[in-house]
Amino acid sequence: MTTKIFAHRGVRKHFPENTMPAFKAADAMGLDGIELDVQRTSDGQLVICHDEPLQRLSGEDVWLKDLTYEALANLNIAHYRPESPPEKVPTLCEFLDWFVETDLIVNLELKNTIVSYEGMEKDVLDLVDHYGLRDRVIISSFSLESMILMKEMAPDIDVGFLYQRLLPCAAKTVMKHGLDAIHPIYFNQLRPWLTSHAHRKGLKVRLWTVDRPLFIWNAIWRHVDTIITDEPELALRLRDVHSPSS
């Protein structure tokens, strides 16, 4: 098995995160996929943005949930990178219009823990189905309840539970609810049995923010299913050199 490499929020090392240039760079680089974040505006538009308050990205003291899409589109979401041209928050529809013509996989992280965004699961699923993309989309969230609901609505879609602490019971919990994958933060791989234990249970393992060479190599050596990284060029080089035979 070859470990897949996903660009975390697109290739944000070189482009403003979660923007179309960052996503297109991932395709041009030959990566396997993209990880991105989904929120919803006050008038119901699904949009791609990591931060709920937009001060860091735009320099404006506003929350995404409080803005209409028209108001959001007027903000420069690349304000935090003065060297970059202005960018607007893309809609999920805009992204999928482009994505459907690629060979990539996408991990849609639902940002529904700080703001609940009631009904977001159905909204996202409806849009995925509009493009016929269930086989190329992964859905994840830090909200276990949200992912249980998503799996109930779409048993055939790949659903993963995100977590950012050491959580030894994660695989057992995910199995109990019929989900497909665990998405732990990278330092969980220090538990040497993590990946093999999950694989024995039929679960996929997708590690996020795997940026340091030692952790990237370790993930490849342990046959982790996917590395989500801010260092995609490094990950590609290390995979080429160290990837074990399947």
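Brief remarks follow.
- Computed extension length for E118-H130: 2.3 nm, one decimal, from 0.36 nm per residue of separation with the Cα-Cα distance subtracted.
- Relative contact order, percent, the chain [alpha-carbon distance under 8 Å, six or more residues apart]: 20 percent
- Amide H to amide H distances under 5 Å link I138 with V106, N107, L108, where only residues 5 or more positions off or on other chains count and H is placed in the peptide plane.
- Cα gyration tensor shape for region 16-90, rounded if a/c is under 1.5, else prolate or oblate: oblate
- Mean separation of Cα contacts under 8 Å (6+ apart) over length of region 171-246, as relative contact order %: 27 percent
- For the chain, the antiparallel share of DSSP beta bridges with both residues in that region comes to about 15%.
- Positive minus negative residues near L125 (Lys, Arg vs Asp, Glu; Cβ under 12 Å): -3
- ³J(HN,Hα), Karplus 6.51/-1.76/1.60, whole Hz, each residue of region 114-122, x for Gly, Pro: 6, 10, 6, 6, 3, x, 4, 4, 5
- Calculated from the alpha-carbon coordinates, the chain shows an Rg and a Dmax of 17.4, 51 Å respectively.
- For the chain, a crude dipole built from +1 on the beta carbon of Lys and Arg and -1 on the beta carbon of Asp and Glu, taken about the Cα centre, is about 1340 debye to the nearest 20.
- Rounded to the nearest Hz, the phi-derived 3J(HN,Hα) couplings of region 65-72 under the Karplus curve 6.51 cos²θ - 1.76 cosθ + 1.60 (θ = phi - 60°) are 4, 8, 9, 5, 5, 4, 5, 4, where x marks glycine and proline.
- Between T91, T209, T113, the GNM of the chain built on Cα springs shorter than 10 angstrom shows T113 fluctuating the most.
- Over the chain: helical MRE at 222 nm, DSSP H runs n ≥ 4 each giving -39500 (n - 2.57), nearest 500: -9000 deg cm²/dmol
- Choice from A25, A171, A181 showing the highest fluctuation, given a GNM over the chain with Cα pairs closer than 10 Å: A25
- Shape of region 1-143, Cα gyration tensor, a/c cut at 1.5: oblate
- Once the Cβ-Cβ distance of K172 and E233 is raised to the sixth power relative to R0 = 51 Å, the FRET efficiency obtained is 0.90.
- Solvent-accessible area of E101 with every protein chain in place, 1.4 Å probe, in Å² to the nearest 10: 150 Å²
- Whole-Hz couplings from phi, Karplus 6.51/-1.76/1.60, listed for region 103-112; x for Gly and Pro: 9, 6, 10, 10, 9, 8, 8, 7, 8, 10
- For the peptides 191-197, 46-52, the ranking by mean Cβ contacts within 10 Å, running from highest to lowest, is 46-52, 191-197.
The values are calculated or read from the model by the stated rules, or taken from the named source; none is laboratory data. These figures come from a predicted structure and were not determined experimentally. Note that we place each Cβ from the backbone using ideal geometry, even for glycine, and neighbour counts take in every protein chain shown. The accessibility values were calculated without ligands, DNA or RNA, using every heavy atom of the protein model including side chains. Shrake-Rupley method; radii C 1.70, N 1.55, O 1.52, S 1.80 Å.
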